[in-house]
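Visitor: My questions will all concern the structure given below.
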Amino acid sequence: MPHPGTILVIGATGTTGSRLVRRLVDTGHPVRAAARRPRPAVGAESASFDWNDPDTHRPALDGTAAVYLIPPPGTLDPVPVMLPFLDLARRAGVRRAVLLSSSQVESGGPGAGGVHRVLPELFPEWAVLRPSWFMQNLTGQHQHAEAIRRDGLLVTATGGGRVAFVDADDIAAVAAHALTDPVPHNTDRVLTGPRPLSYAEAAAVLSEATGRPVRHRPVTVAEMTARYAPFMPEEFAAMLAGLDGAIAEGAEDRVTEEVERVTGRPPRSFEEHVRAAVAAGERTATAAS
Ligand SMILES: NC(=O)c1ccc[n+]([C@@H]2O[C@H](COP(=O)([O-])OP(=O)(O)OC[C@H]3O[C@@H](n4cnc5c(N)ncnc54)[C@H](OP(=O)(O)O)[C@@H]3O)[C@@H](O)[C@H]2O)c1
């Protein structure tokens with residue numbers, strides 16, 4: 001770590017944050033793992049942190065040199081909530097900030113794009129990670145993964161559009177480098193897996209690996225909005241479904257070299273990811289029986 005001090009991981013119990021905490025602890029970095037309901041993580045300090053509760057912000061920053069930022073979930077414009085915290089962080093001596101944004105959002109764009117735009121002005125050392133869609137959406141706790149397990153069905157408005165799904169472990173590996181490399185990255189990176197797949201192709205991989213049929217059912221963007229709406233604000237549901245529409249038009253049909261460039265090894269394929277997820281599920285089931 002170029003500047004000694006604690007690394008604050010916001011969203012530490014989430015898909016990328018939990019993996020990042022493990023990596024940082026394993027490589028001997030002091031970590032403060034923050035969430036609204038923090039869970040103890042071996043080797044890390046934990047802290048209560050809520051974007052919507054400013055009283056939790058200053059204590060989380062005590063002795064912090066670098067911070068991993070996940071925007072407040074379900075918010076179309078996170079700037080009003082995040083900016084006061086980032087300003088406080090800068091004044092508290094944080095030098096390095098790494099933001100998780102997404103592949104379809106440019107600097108100055110919607111959502112995390114507004115935070116992306118100001119990050120280089122606030123911190124001398126920064127990075128923005130812009131991953132494509134996570135492989136874990138189809139194997140973890142996501143709504144898609146639950147529908148796959150429950151109904152063998154993957155419903156999207158992506159049509160035949162392809163996505164170079166990326167493993168959250170690879171995102172965490174890049175984040176760990178961005179937070180700790182002696183030379184700051186000071187750039188944004190679009191992170192993808194090694195090969196774009198349509199959702200029908202991803203369903204076929206899941207069928208093959210699990211031995212249970214999984215089928216992709218294409219729907220319209222309006223139908224997809226209605227499916228998301230019970231779980232989130234209406235406008236956020238429309239935005240997410242709109243991203244499916246962009247995939248249908250080819251927005252995610254590309255691969256980048258960024259994971260390998262930063263970590264020195266190629267990103268994990270969807271096939272490898274699914275095989276590992278199935279094996280981990282079998283181990284858990286065996287341990288529980
Ligand atoms: N899934 C994808 O395919 C994909 C693709 C590209 C980009 N992204 C981006 O990834 C981000 C999500 O990251 P993730 O998947 O690693 O996280 P995640 O699994 O969605 O978990 C969210 C984390 O944030 C915490 N959290 C929730 N509400 C909070 C609040 N009000 N204040 C502070 N912490 C809060 C949660 O813990 P508590 O509930 O205990 O607070 C949890 O640790 C989103 O911004 C999304 O746009 C996702």
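The values are calculated or read from the model by the stated rules, or taken from the named source; none is laboratory data. Here the structure is a predicted model, which means the values were calculated and not measured. Neighbour counts are summed over all protein chains in view; Cβ atoms, including those assigned to glycine, are modelled from backbone coordinates with ideal geometry. Each accessible area value is taken on the protein alone, full model and side chains, heavy atoms only, with ligands, DNA and RNA left out. Shrake-Rupley method; radii C 1.70, N 1.55, O 1.52, S 1.80 Å.
Visitor: Can you say what percent of the DSSP beta bridges in the chain, counting only those with both residues inside, are antiparallel? Round to 5.
Guide: 5
Visitor: Could you work out the local net charge near Val255, counting Lys and Arg as +1, Asp and Glu as -1, over the other residues with Cβ closer than 12 Å to its Cβ?
Guide: Once positives and negatives cancel, what remains is -2.
Visitor: For the Cα atoms of the chain, what angle does the longest principal axis make with the long axis of helix 168-180, in degrees from 0 to 90, nearest 10?
Guide: 20
Visitor: Rounding to the nearest 20 debye, state how big the charge dipole of region 6-131 is about its Cα centre with +1 on each Lys and Arg Cβ and -1 on each Asp and Glu Cβ.
Guide: In total the dipole reaches around 320 debye.
Visitor: Report relative contact order for the chain in percent, whole number only (criteria: Cα-Cα under 8 Å, sequence separation at least 6).
Guide: Answer for the chain is 17 percent.
Visitor: If r is the Cβ-Cβ distance from Glu121 to Glu260 and R0 is 30 Å, what FRET efficiency results, to the nearest 0.05?
Guide: 0.50
Visitor: Sticking with this structure for a sec: Alpha carbon centre of region 44-64 versus region 180-212: separation in Å?
Guide: If you average the Cα positions of each part, the centres end up 31 Å apart.
Visitor: Further, regarding this structure: Using modelled backbone amide H atoms (1.01 Å from N, in-plane), which distant-in-sequence or interchain residues come within less than 5 Å of Ala97's amide H?
Guide: Val67, Glu125, Trp126, Ala127
Visitor: Also, quick follow-up: Please report the equivalent ellipsoid semi-axes of the chain, computed as sqrt(5 x eigenvalue) of the Cα gyration tensor, largest first, in whole Å.
Guide: Its equivalent ellipsoid spans semi-axes of 31, 22, 18 Å.
Visitor: In debye to the nearest 20, how big a dipole does the chain give about its Cα centre with +1 on each Lys and Arg Cβ and -1 on each Asp and Glu Cβ?
Guide: 600
Visitor: Follow-up. With each pseudo-label sitting 7 Å past Cα toward Cβ, what's the Val183-Arg39 distance in nm, one decimal?
Guide: Reported label-point gap for Val183 and Arg39 is 3.8 nm.
Visitor: I've got another one for you. Compute the length gained on full extension between Met232 and Glu106: take 0.36 nm times their separation in residues and subtract their Cα-Cα distance, giving the result in nm to one decimal.
Guide: Full extension from Met232 to Glu106 adds 43.0 nm.
Visitor: I'd like to compare 225-232, 213-220, 174-181, 90-97: which one has the highest average count of other Cβ atoms within 10 Å, and what's the full order after that?
Guide: With the highest mean Cβ count within 10 Å placed first, the list reads 174-181, 90-97, 213-220, 225-232.
Visitor: Also, quick follow-up: Taking region 90-152, which GluC sites (Glu not before Pro) meet the DSSP loop condition and have no more than 16 other C-beta atoms within 10 Å?
Guide: Glu106
Visitor: Oh, and also: Could you tell me which residue out of Ala60, Gly245, Pro71 lies farthest along the dipole of the chain toward its positive end? Charges go on the beta carbon: Lys and Arg +1, Asp and Glu -1, centred on the Cα centre.
Guide: Projecting each Cα onto the dipole axis, the largest value belongs to Ala60.
Visitor: Right, another one. Within region 193-234, report the GluC sites (Glu not before Pro) that DSSP leaves as loop and that have at most 15 other Cβ atoms within 10 Å.
Guide: In loop regions of region 193-234 (DSSP not H, G, I, E or B), there are no sparsely surrounded GluC sites (Glu not before Pro).
Visitor: Give me the 1.4 Å probe accessible area per residue for the chain, excluding ligands and nucleic acids, in Å².
Guide: Here the per-residue accessible area is 45 Å².
Visitor: Based on alpha-carbon centroids, what's the gap between region 78-105 and region 233-257 in Å, whole number please?
Guide: What the calculation gives is 24 Å, centre to centre.
Visitor: Determine the share of the chain's accessible area contributed by carbon and sulfur atoms, expressed in whole percent, with a 1.4 angstrom probe.
Guide: Exposed carbon and sulfur together represent 52 percent of the surface.
Visitor: Pairing the Cα long axis of helix 234-248 with the longest principal axis of the chain, what angle in degrees results, from 0 to 90 and rounded to the nearest 10?
Guide: For 234-248 against the chain, the angle is about 60 degrees.
Visitor: Sorted from largest to smallest, which semi-axis lengths in Å does the alpha carbon gyration tensor of region 21-113 give for its equivalent ellipsoid, taking the root of 5 times each eigenvalue?
Guide: Square roots of five times the eigenvalues give 22, 15, 14 Å.
Visitor: For the chain, what is the calculated [θ] at 222 nm in deg cm²/dmol (nearest 500), taking -39500 (n - 2.57) for each run of four or more DSSP H residues and dividing by its residue count?
Guide: -13000 deg cm²/dmol
Visitor: Given Pro233, Val174, Pro184, which one lies farthest toward the positive end of the charge dipole of region 146-258, if we put +1 on the Cβ of every Lys and Arg and -1 on the Cβ of every Asp and Glu?
Guide: Pro233
Visitor: Continuing with this model, one more query. For region 233-289, which trypsin sites (Lys or Arg not before Pro) are both in a DSSP coil and crowded by at most 15 other Cβ atoms within 10 Å?
Guide: When the trypsin sites (Lys or Arg not before Pro) of region 233-289 are filtered for loop state and at most 15 Cβ neighbours within 10 Å, Arg254 remain.
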